[in-house]
Amino acid sequence: MIDTERFEVVVVGGGPAGATAATDLARAGRSVLLLDRAGRIKPCGGAIPPQAMREFDLPAHLLCAHINSARMIAPSERQVDMPIENGFVGMVKRDVFDEWLRARAAEHGAVRRTGTFTELVRTADGDVTVRYAVEVDGGKAEIHEVRARCVIGADGARSRVARQCVPGADKMPCVSAYHEIVRSPKDGENGFQANRCDVYYQGKISPDFYGWVFPHGDTTSVGVGTAQSGFSLREATRELRQAAGLADAETLRREGAPIPLRPLGRWDDGRNVVLAGDAAGVVAPASGEGIYYALAGGRFAAEAAKAFCATGDVRSLKSARKGFMKAHGRVFWVLGIMQRFWYSSDKRRERFVKMCADPDVQQLTWEAYMNKRLVKSRPAAHIRVFFKDMGHLLGLVSAK
(Lines give C-alpha, C1' and ligand atoms only; values in the text may rest on other atoms or scores of the structure.)
Protein backbone atom coordinates (compact mmCIF):
# COMPACT_ATOMS: atom_id res chain seq x y z
CA MET A 1 0.00 0.00 0.00
CA ILE A 2 1.34 3.44 -1.00
CA ASP A 3 1.14 6.09 1.69
CA THR A 4 -0.84 9.22 0.83
CA GLU A 5 1.36 12.23 0.12
CA ARG A 6 1.53 14.53 3.15
CA PHE A 7 2.07 18.26 3.63
CA GLU A 8 2.03 20.41 6.72
CA VAL A 9 -0.32 22.88 5.04
CA VAL A 10 -2.55 22.66 1.96
CA VAL A 11 -3.67 26.01 0.56
CA VAL A 12 -6.82 25.74 -1.53
CA GLY A 13 -7.02 28.63 -3.99
CA GLY A 14 -4.22 30.40 -5.85
CA GLY A 15 -5.40 34.01 -5.89
CA PRO A 16 -3.59 36.79 -3.99
CA ALA A 17 -4.60 35.41 -0.56
CA GLY A 18 -3.69 31.79 -1.23
CA ALA A 19 -0.51 32.52 -3.13
CA THR A 20 0.71 34.92 -0.42
CA ALA A 21 -0.05 32.38 2.32
CA ALA A 22 1.82 29.68 0.39
CA THR A 23 4.82 31.97 -0.16
CA ASP A 24 5.06 32.93 3.51
CA LEU A 25 4.73 29.32 4.66
CA ALA A 26 7.35 28.08 2.19
CA ARG A 27 9.73 30.86 3.21
CA ALA A 28 9.29 29.71 6.81
CA GLY A 29 10.35 26.18 5.84
CA ARG A 30 6.91 24.58 6.02
CA SER A 31 5.93 21.94 3.47
CA VAL A 32 3.01 23.44 1.58
CA LEU A 33 0.83 22.47 -1.36
CA LEU A 34 -0.83 25.25 -3.38
CA LEU A 35 -3.91 23.86 -5.10
CA ASP A 36 -5.61 26.01 -7.70
CA ARG A 37 -8.27 25.62 -10.39
CA ALA A 38 -7.22 25.92 -14.02
CA GLY A 39 -8.09 28.86 -16.23
CA ARG A 40 -9.89 31.02 -13.67
CA ILE A 41 -9.55 34.83 -13.91
CA LYS A 42 -11.50 36.73 -11.26
CA PRO A 43 -13.54 39.76 -12.40
CA CYS A 44 -11.73 42.66 -10.79
CA GLY A 45 -11.04 46.35 -11.30
CA GLY A 46 -7.39 45.52 -10.62
CA ALA A 47 -6.45 48.45 -8.35
CA ILE A 48 -3.71 48.15 -5.74
CA PRO A 49 -2.19 50.89 -3.54
CA PRO A 50 1.51 51.71 -3.11
CA GLN A 51 1.35 50.15 0.37
CA ALA A 52 0.73 46.75 -1.25
CA MET A 53 3.88 47.14 -3.35
CA ARG A 54 5.95 47.93 -0.27
CA GLU A 55 4.41 45.49 2.16
CA PHE A 56 4.35 42.43 -0.12
CA ASP A 57 7.52 43.02 -2.18
CA LEU A 58 5.71 43.44 -5.49
CA PRO A 59 7.87 44.52 -8.45
CA ALA A 60 6.90 47.58 -10.47
CA HIS A 61 6.72 45.61 -13.73
CA LEU A 62 3.45 44.02 -12.54
CA LEU A 63 1.70 47.38 -12.92
CA CYS A 64 0.12 47.92 -16.33
CA ALA A 65 -1.00 51.49 -15.54
CA HIS A 66 -0.45 54.27 -13.01
CA ILE A 67 -3.66 56.11 -12.14
CA ASN A 68 -3.26 59.68 -10.87
CA SER A 69 -6.90 60.77 -10.77
CA ALA A 70 -10.43 59.49 -10.22
CA ARG A 71 -13.59 60.98 -11.68
CA MET A 72 -16.85 60.58 -9.76
CA ILE A 73 -20.05 60.82 -11.83
CA ALA A 74 -23.29 61.66 -9.99
CA PRO A 75 -26.89 60.81 -11.00
CA SER A 76 -27.23 64.34 -12.42
CA GLU A 77 -24.08 63.70 -14.55
CA ARG A 78 -22.12 66.09 -12.30
CA GLN A 79 -18.44 65.16 -12.61
CA VAL A 80 -15.96 65.60 -9.78
CA ASP A 81 -12.27 64.95 -10.36
CA MET A 82 -10.15 63.75 -7.45
CA PRO A 83 -6.46 64.17 -8.38
CA ILE A 84 -3.92 62.14 -6.42
CA GLU A 85 -1.11 64.24 -5.02
CA ASN A 86 2.24 62.59 -4.27
CA GLY A 87 1.11 59.10 -5.17
CA PHE A 88 -0.78 56.84 -7.53
CA VAL A 89 -3.12 53.89 -7.78
CA GLY A 90 -1.47 50.92 -9.47
CA MET A 91 -3.45 48.76 -11.88
CA VAL A 92 -2.79 45.08 -12.55
CA LYS A 93 -4.15 42.46 -14.92
CA ARG A 94 -5.32 39.62 -12.73
CA ASP A 95 -4.23 36.81 -15.04
CA VAL A 96 -0.66 38.15 -15.06
CA PHE A 97 -0.62 39.31 -11.42
CA ASP A 98 -2.04 36.13 -9.88
CA GLU A 99 0.22 33.85 -11.91
CA TRP A 100 3.28 35.84 -10.81
CA LEU A 101 2.24 35.38 -7.16
CA ARG A 102 1.77 31.63 -7.66
CA ALA A 103 5.13 31.33 -9.41
CA ARG A 104 6.80 33.17 -6.52
CA ALA A 105 5.31 30.68 -4.06
CA ALA A 106 6.78 27.83 -6.10
CA GLU A 107 10.19 29.55 -6.26
CA HIS A 108 10.24 29.56 -2.46
CA GLY A 109 9.43 25.87 -2.26
CA ALA A 110 5.65 25.50 -2.40
CA VAL A 111 4.40 22.59 -4.49
CA ARG A 112 1.88 23.67 -7.14
CA ARG A 113 -0.96 21.48 -8.34
CA THR A 114 -3.87 22.21 -10.68
CA GLY A 115 -7.17 20.74 -9.59
CA THR A 116 -10.62 21.45 -8.21
CA PHE A 117 -11.14 20.94 -4.49
CA THR A 118 -13.95 18.48 -3.71
CA GLU A 119 -13.93 17.69 0.01
CA LEU A 120 -12.07 17.35 3.32
CA VAL A 121 -12.11 14.10 5.25
CA ARG A 122 -10.97 13.97 8.88
CA THR A 123 -8.46 11.31 9.89
CA ALA A 124 -8.23 9.50 13.22
CA ASP A 125 -4.87 11.07 14.08
CA GLY A 126 -6.10 14.66 13.74
CA ASP A 127 -4.90 15.29 10.19
CA VAL A 128 -7.21 15.98 7.28
CA THR A 129 -7.39 14.39 3.84
CA VAL A 130 -7.85 16.89 1.01
CA ARG A 131 -9.51 15.48 -2.08
CA TYR A 132 -9.43 17.23 -5.44
CA ALA A 133 -10.40 16.48 -9.03
CA VAL A 134 -7.93 16.58 -11.91
CA GLU A 135 -9.13 16.59 -15.49
CA VAL A 136 -7.62 13.78 -17.56
CA ASP A 137 -7.92 12.76 -21.21
CA GLY A 138 -11.47 12.88 -22.51
CA GLY A 139 -12.56 15.49 -20.00
CA LYS A 140 -13.05 12.94 -17.24
CA ALA A 141 -12.25 13.85 -13.62
CA GLU A 142 -9.75 11.80 -11.65
CA ILE A 143 -9.83 12.15 -7.85
CA HIS A 144 -6.53 12.69 -6.05
CA GLU A 145 -5.90 13.14 -2.35
CA VAL A 146 -3.21 14.40 0.02
CA ARG A 147 -2.99 14.63 3.78
CA ALA A 148 -2.33 17.81 5.73
CA ARG A 149 -1.88 19.06 9.25
CA CYS A 150 -3.67 22.31 8.38
CA VAL A 151 -5.77 23.67 5.50
CA ILE A 152 -6.10 27.30 4.39
CA GLY A 153 -9.31 27.92 2.44
CA ALA A 154 -8.65 30.73 -0.02
CA ASP A 155 -11.01 29.54 -2.73
CA GLY A 156 -13.24 32.57 -3.20
CA ALA A 157 -16.50 34.07 -1.99
CA ARG A 158 -18.46 30.83 -2.41
CA SER A 159 -15.63 28.83 -0.85
CA ARG A 160 -16.24 25.09 -0.78
CA VAL A 161 -13.77 24.77 2.07
CA ALA A 162 -15.62 27.39 4.11
CA ARG A 163 -19.08 25.98 3.45
CA GLN A 164 -17.97 22.50 4.45
CA CYS A 165 -16.01 23.46 7.56
CA VAL A 166 -16.81 26.91 8.99
CA PRO A 167 -20.21 27.62 10.62
CA GLY A 168 -22.06 30.53 9.02
CA ALA A 169 -19.95 30.63 5.86
CA ASP A 170 -22.90 29.52 3.74
CA LYS A 171 -24.74 32.72 4.69
CA MET A 172 -22.09 35.17 3.52
CA PRO A 173 -23.80 38.21 1.90
CA CYS A 174 -22.38 39.14 -1.49
CA VAL A 175 -22.56 41.67 -4.27
CA SER A 176 -22.83 40.22 -7.77
CA ALA A 177 -20.09 41.72 -9.93
CA TYR A 178 -19.76 41.65 -13.70
CA HIS A 179 -17.28 43.30 -16.03
CA GLU A 180 -16.22 43.34 -19.63
CA ILE A 181 -12.59 43.66 -20.66
CA VAL A 182 -12.42 45.89 -23.73
CA ARG A 183 -9.64 47.17 -25.93
CA SER A 184 -8.62 50.60 -24.65
CA PRO A 185 -9.12 53.49 -27.05
CA LYS A 186 -6.36 55.99 -27.65
CA ASP A 187 -5.69 58.33 -24.75
CA GLY A 188 -8.04 61.31 -25.09
CA GLU A 189 -10.37 59.61 -27.57
CA ASN A 190 -14.08 60.15 -26.71
CA GLY A 191 -13.02 61.53 -23.31
CA PHE A 192 -11.10 58.38 -22.32
CA GLN A 193 -8.09 59.03 -20.06
CA ALA A 194 -5.54 56.24 -19.65
CA ASN A 195 -4.44 57.52 -16.23
CA ARG A 196 -7.90 58.14 -14.73
CA CYS A 197 -10.46 55.82 -13.15
CA ASP A 198 -14.13 56.74 -13.64
CA VAL A 199 -16.68 55.75 -10.99
CA TYR A 200 -20.42 56.05 -11.71
CA TYR A 201 -22.67 56.59 -8.67
CA GLN A 202 -25.99 56.30 -10.47
CA GLY A 203 -28.98 54.16 -9.61
CA LYS A 204 -29.53 53.20 -13.25
CA ILE A 205 -25.99 51.79 -13.34
CA SER A 206 -26.15 50.20 -9.87
CA PRO A 207 -28.95 50.59 -7.29
CA ASP A 208 -26.68 49.95 -4.30
CA PHE A 209 -23.04 49.93 -5.44
CA TYR A 210 -21.36 51.62 -8.41
CA GLY A 211 -20.11 51.20 -11.96
CA TRP A 212 -16.47 51.53 -12.96
CA VAL A 213 -14.18 52.22 -15.90
CA PHE A 214 -10.64 51.21 -14.89
CA PRO A 215 -7.85 51.45 -17.51
CA HIS A 216 -5.27 48.63 -17.63
CA GLY A 217 -2.95 49.93 -20.31
CA ASP A 218 -4.02 48.33 -23.60
CA THR A 219 -7.24 47.03 -22.04
CA THR A 220 -9.93 48.50 -19.77
CA SER A 221 -12.26 46.93 -17.20
CA VAL A 222 -15.85 48.21 -17.47
CA GLY A 223 -18.20 46.77 -14.88
CA VAL A 224 -20.90 47.04 -12.26
CA GLY A 225 -21.91 45.41 -9.00
CA THR A 226 -25.13 45.04 -7.03
CA ALA A 227 -26.69 42.98 -4.27
CA GLN A 228 -30.17 43.54 -5.72
CA SER A 229 -31.70 40.36 -7.09
CA GLY A 230 -32.99 40.58 -10.64
CA PHE A 231 -30.97 43.65 -11.64
CA SER A 232 -29.45 43.14 -15.10
CA LEU A 233 -25.69 43.55 -14.82
CA ARG A 234 -25.17 43.07 -18.54
CA GLU A 235 -27.71 45.75 -19.44
CA ALA A 236 -26.20 48.14 -16.87
CA THR A 237 -22.73 47.49 -18.31
CA ARG A 238 -24.07 48.20 -21.81
CA GLU A 239 -25.42 51.56 -20.55
CA LEU A 240 -22.14 52.26 -18.78
CA ARG A 241 -20.10 51.59 -21.92
CA GLN A 242 -22.39 53.92 -23.86
CA ALA A 243 -22.00 56.68 -21.25
CA ALA A 244 -18.22 56.23 -21.14
CA GLY A 245 -17.79 56.33 -24.93
CA LEU A 246 -16.77 52.66 -25.04
CA ALA A 247 -19.81 51.19 -26.78
CA ASP A 248 -17.82 50.38 -29.93
CA ALA A 249 -14.65 49.21 -28.18
CA GLU A 250 -13.66 45.62 -28.94
CA THR A 251 -14.83 43.23 -26.21
CA LEU A 252 -12.12 40.74 -25.28
CA ARG A 253 -13.88 38.77 -22.56
CA ARG A 254 -16.77 38.85 -20.10
CA GLU A 255 -16.59 37.67 -16.47
CA GLY A 256 -18.83 37.58 -13.42
CA ALA A 257 -18.42 36.55 -9.79
CA PRO A 258 -19.73 37.25 -6.27
CA ILE A 259 -17.91 39.79 -4.09
CA PRO A 260 -18.32 39.53 -0.28
CA LEU A 261 -20.02 42.43 1.49
CA ARG A 262 -18.31 42.03 4.87
CA PRO A 263 -15.92 39.74 6.78
CA LEU A 264 -17.32 36.55 8.23
CA GLY A 265 -17.72 36.44 11.99
CA ARG A 266 -15.58 33.32 12.14
CA TRP A 267 -12.65 32.23 9.97
CA ASP A 268 -11.70 28.85 11.45
CA ASP A 269 -13.34 25.54 12.30
CA GLY A 270 -11.69 25.09 15.69
CA ARG A 271 -9.77 22.07 14.39
CA ASN A 272 -7.34 22.64 11.51
CA VAL A 273 -8.95 24.89 8.89
CA VAL A 274 -8.62 28.68 8.53
CA LEU A 275 -9.91 31.00 5.81
CA ALA A 276 -8.33 33.86 3.85
CA GLY A 277 -9.23 36.38 1.17
CA ASP A 278 -12.71 36.37 -0.36
CA ALA A 279 -13.43 33.09 1.45
CA ALA A 280 -13.18 35.06 4.71
CA GLY A 281 -15.13 38.01 3.28
CA VAL A 282 -12.30 40.55 3.29
CA VAL A 283 -13.43 42.94 0.56
CA ALA A 284 -13.73 46.56 1.67
CA PRO A 285 -17.30 47.90 1.78
CA ALA A 286 -18.12 50.98 -0.33
CA SER A 287 -14.97 50.66 -2.48
CA GLY A 288 -15.07 46.94 -3.25
CA GLU A 289 -11.28 46.88 -2.91
CA GLY A 290 -10.07 43.33 -2.42
CA ILE A 291 -6.51 42.74 -3.66
CA TYR A 292 -4.66 44.45 -0.82
CA TYR A 293 -6.91 42.90 1.80
CA ALA A 294 -6.55 39.47 0.20
CA LEU A 295 -2.76 39.78 0.37
CA ALA A 296 -3.01 40.86 4.02
CA GLY A 297 -5.50 38.12 4.86
CA GLY A 298 -3.23 35.50 3.30
CA ARG A 299 -0.36 36.67 5.46
CA PHE A 300 -2.43 36.53 8.66
CA ALA A 301 -3.67 33.04 7.72
CA ALA A 302 -0.11 31.87 7.11
CA GLU A 303 0.96 33.15 10.54
CA ALA A 304 -1.96 31.32 12.14
CA ALA A 305 -1.15 28.09 10.27
CA LYS A 306 2.52 28.29 11.25
CA ALA A 307 1.62 28.74 14.92
CA PHE A 308 -0.84 25.85 14.77
CA CYS A 309 1.64 23.50 13.10
CA ALA A 310 4.28 24.41 15.68
CA THR A 311 2.12 24.00 18.79
CA GLY A 312 -0.99 22.03 17.84
CA ASP A 313 -3.03 24.62 19.73
CA VAL A 314 -6.26 25.18 17.77
CA ARG A 315 -6.63 28.60 19.39
CA SER A 316 -3.81 29.74 17.10
CA LEU A 317 -6.18 29.59 14.15
CA LYS A 318 -8.31 32.40 15.58
CA SER A 319 -5.35 34.77 15.37
CA ALA A 320 -5.90 35.19 11.60
CA ARG A 321 -9.20 37.01 12.02
CA LYS A 322 -8.13 38.71 15.24
CA GLY A 323 -4.98 40.14 13.64
CA PHE A 324 -6.73 41.23 10.47
CA MET A 325 -9.59 42.98 12.25
CA LYS A 326 -7.20 44.71 14.63
CA ALA A 327 -5.30 46.10 11.64
CA HIS A 328 -8.25 46.86 9.32
CA GLY A 329 -11.53 46.40 11.16
CA ARG A 330 -12.03 50.10 11.88
CA VAL A 331 -11.63 50.97 8.19
CA PHE A 332 -14.16 48.28 7.25
CA TRP A 333 -16.60 49.63 9.85
CA VAL A 334 -16.35 53.19 8.53
CA LEU A 335 -16.69 52.09 4.90
CA GLY A 336 -19.66 49.88 5.78
CA ILE A 337 -21.53 52.83 7.27
CA MET A 338 -20.66 54.90 4.20
CA GLN A 339 -22.02 52.31 1.80
CA ARG A 340 -25.25 51.72 3.70
CA PHE A 341 -26.03 55.44 3.88
CA TRP A 342 -24.60 57.16 0.80
CA TYR A 343 -25.39 54.41 -1.74
CA SER A 344 -29.04 54.01 -0.73
CA SER A 345 -30.63 56.52 -3.15
CA ASP A 346 -29.75 58.84 -6.01
CA LYS A 347 -30.45 61.82 -3.78
CA ARG A 348 -27.77 60.67 -1.37
CA ARG A 349 -25.40 59.69 -4.18
CA GLU A 350 -25.67 63.23 -5.49
CA ARG A 351 -24.61 64.61 -2.11
CA PHE A 352 -21.83 62.04 -1.82
CA VAL A 353 -20.31 63.07 -5.15
CA LYS A 354 -20.52 66.72 -4.14
CA MET A 355 -18.61 65.90 -0.95
CA CYS A 356 -15.87 64.33 -3.06
CA ALA A 357 -15.10 67.79 -4.47
CA ASP A 358 -13.95 68.97 -1.05
CA PRO A 359 -10.12 69.24 -0.78
CA ASP A 360 -10.11 67.89 2.79
CA VAL A 361 -12.13 64.85 1.74
CA GLN A 362 -9.85 64.21 -1.22
CA GLN A 363 -6.66 64.52 0.79
CA LEU A 364 -7.79 62.23 3.61
CA THR A 365 -9.30 59.71 1.17
CA TRP A 366 -6.12 59.30 -0.87
CA GLU A 367 -3.80 59.25 2.13
CA ALA A 368 -5.92 56.54 3.76
CA TYR A 369 -6.13 54.54 0.54
CA MET A 370 -2.46 54.67 -0.39
CA ASN A 371 -1.23 53.83 3.12
CA LYS A 372 -4.10 51.53 4.21
CA ARG A 373 -4.82 53.24 7.50
CA LEU A 374 -7.06 55.97 8.82
CA VAL A 375 -5.13 59.22 8.85
CA LYS A 376 -4.55 60.56 12.36
CA SER A 377 -2.01 63.26 11.63
CA ARG A 378 -4.49 65.91 10.43
CA PRO A 379 -6.99 66.49 13.26
CA ALA A 380 -8.15 69.85 11.88
CA ALA A 381 -9.01 68.27 8.54
CA HIS A 382 -10.92 65.50 10.29
CA ILE A 383 -12.96 68.05 12.23
CA ARG A 384 -13.77 70.00 9.06
CA VAL A 385 -14.82 66.83 7.24
CA PHE A 386 -16.97 65.77 10.20
CA PHE A 387 -18.97 69.00 10.17
CA LYS A 388 -19.28 69.00 6.38
CA ASP A 389 -20.47 65.40 6.47
CA MET A 390 -23.03 66.24 9.14
CA GLY A 391 -24.25 69.13 7.01
CA HIS A 392 -24.94 66.75 4.15
CA LEU A 393 -26.47 64.10 6.42
CA LEU A 394 -28.91 66.62 7.88
CA GLY A 395 -29.66 68.25 4.53
CA LEU A 396 -28.20 71.59 5.61
CA VAL A 397 -25.97 71.71 2.54
CA SER A 398 -27.37 71.89 -0.98
CA ALA A 399 -26.67 68.90 -3.20
CA LYS A 400 -26.31 71.25 -6.20
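Values as computed for the structure displayed
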{"item": "Cα centroid of the range 93-107 to Cα centroid of the range 7-40, whole Å", "result": "11 Å"}
{"item": "Peptides 44-54, 351-361 ordered by average Cβ neighbours within 10 Å, highest first", "result": "44-54, 351-361"}
{"item": "Per residue accessible area in Å² of the range 278-363, where ligands, DNA and RNA are left out and the probe is 1.4 Å", "result": "40 Å²"}
{"item": "With eigenvalues of the C-alpha gyration tensor scaled by 5 and rooted, the range 116-185, Å", "result": "29, 21, 10"}
{"item": "Mean ellipticity per residue at 222 nm, deg cm²/dmol - from DSSP H runs of n ≥ 4 across the chain, formula -39500 (n - 2.57)", "result": "-10500 deg cm²/dmol"}
{"item": "Dipole of the range 200-332 [Lys/Arg +1, Asp/Glu -1 at C-beta], most positive-end residue of GLY230, GLY290, ALA305", "result": "ALA305"}
{"item": "Peptides ranked, highest mean first, by Cβ atoms within 10 Å: ranges 324-331, 110-117, 124-131, 298-305", "result": "298-305, 110-117, 324-331, 124-131"}
{"item": "Cα-based equivalent ellipsoid, the chain: semi-axes from gyration tensor eigenvalues, Å", "result": "38, 23, 19"}
{"item": "Nearest-20 debye value, the chain charge dipole, Cβ charges on Lys, Arg, Asp, Glu", "result": "1180 debye"}
{"item": "Of all accessible heavy-atom area on the chain, the percent that carbon and sulfur account for (1.4 Å)", "result": "51 percent"}
{"item": "Listed residues LEU252, LEU364, LEU240, most fluctuating in the chain (Gaussian network, C-alpha, under 10 Å)", "result": "LEU252"}
{"item": "26 Å Cα-Cα threshold exceeded, pairs from LYS93/LYS347; LYS322/LYS372; LYS93/LYS186; LYS140/LYS171; LYS204/LYS372", "result": "LYS93/LYS347; LYS140/LYS171; LYS204/LYS372"}
{"item": "Fraction of alpha-carbon pairs over 21 Å apart in the range 144-270 - percent", "result": "50 percent"}
{"item": "Peptide ranges 9-20, 337-348 listed from the most packed, as the mean C-beta count within 10 angstrom indicates", "result": "9-20, 337-348"}
{"item": "Aspartates and glutamates with Cα under 13 Å of LYS318, excluding same-chain neighbours fewer than 8 positions away", "result": "ASP268, ASP269, GLU303"}
{"item": "Whole-number Å³ per residue for the convex hull built on Cα positions in the range 1-142", "result": "185 Å³"}
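The values are calculated or read from the model by the stated rules, or taken from the named source; none is laboratory data. Note that this is a predicted model, so its numbers are computed, not measured. All Cβ positions, glycine included, derive from the backbone under ideal geometry; neighbour counts span all protein chains shown. Keep in mind that these areas ignore ligands, DNA and RNA; they rest on the heavy atoms of the full protein, side chains included. Shrake-Rupley method; radii C 1.70, N 1.55, O 1.52, S 1.80 Å.
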